[in-house]
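Presented below is the structure to which this report refers.
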Amino acid sequence: MRALIVGGGERGLALAERLRARGDAARVVSRKESRRAEIESVGAEFLLGDPDRIGTLRYACENVTLLVWALGTATGDDPERVAALHGTRLQMMLERTIDTTVRGVIYEAAGSVPAQQLAEGRAIVEKMCRKNEIPFEILDADPADAPAWAAAADAAIAGLLARDRG
């Protein structure tokens, strides 16, 4: 199983490390080339990309089983661009996963992003995934506790993988 982790910082690395320890693979997206060594040090594949520019993630879902959209603590100079990560950009990414190997989505619905934006993201995931019959989990774990967050994300992954798809 390979997970694509978009965002998450320390949380994403903790999850990637957990997955790698049990023999699964993780591809971690970062906007900064300077994070390559840190990401690769936990055994994950580094992918230079920007969730605000979905085109940079064109090949990110290649050979990926699960998409983890962990942007609940996203920040930036432009609040509208941060909001788009839980709105139009999220929807665009989900539209692009339909004809890929992605068979499950985890959406981080907790963090420092305004609750209204997280609720919008949750609604988009529910609508798009139900429409396209892609299983999903909503992750409400506290992002301030990276190890506990990673354990909750790992449990969500296990739940998605165990679902009866018949």
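Quick look at the values:
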| quantity | calculated |
| --- | --- |
| By average C-beta atoms within 10 angstrom, highest first, the peptides 9-21, 144-156, 35-47 | 9-21, 144-156, 35-47 |
| For the range 1-44 and the range 102-142, distance of Cα centres in Å | 20 Å |
| Residues with amide H under 5 Å from that of Phe136, placed H, sequence gap 5 or more | Val105 |
| Summed side-chain charge close to Arg81 - residues other than Arg81 whose Cβ falls under 13 Å, Lys, Arg +1, Asp, Glu -1 | -2 |
| For the range 127-134, 3J(HN,Hα) per residue [Karplus equation, 6.51 cos²θ - 1.76 cosθ + 1.60, θ = phi - 60°, Hz, x = Gly/Pro] | 5, 5, 5, 5, 4, 9, 6, 10 |
| For the range 78-92, 3J(HN,Hα) per residue [Karplus equation, 6.51 cos²θ - 1.76 cosθ + 1.60, θ = phi - 60°, Hz, x = Gly/Pro] | 10, x, 5, 5, 5, 4, 4, 5, 10, x, 5, 5, 4, 4, 4 |
| Matching label, volume of the Cα convex hull per residue in Å³ computed from the structure shown, candidates [x] 101; [y] 111; [z] 129 | [x] |
| Coil-residue GluC sites (Glu not before Pro) of the range 68-166, DSSP, other Cβ within 10 Å capped at 14 | Glu133 |
| Integer Hz, Karplus 6.51/-1.76/1.60 couplings in order for the range 56-72, x for Gly and Pro | 6, 9, 3, 9, 5, 8, 4, 6, 10, 8, 10, 9, 10, 9, 10, 10, x |
| Rel. contact order, % - alpha carbon contacts under 8 angstrom, at least six apart, the chain | 22 percent |
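Since every read-out is calculated from the coordinates, none of them should be taken as a lab result. Being a predicted model, the structure only gives us computed values, none of them experimental. We place every Cβ from the backbone using ideal geometry, glycine too, and count neighbours over all the protein chains shown.
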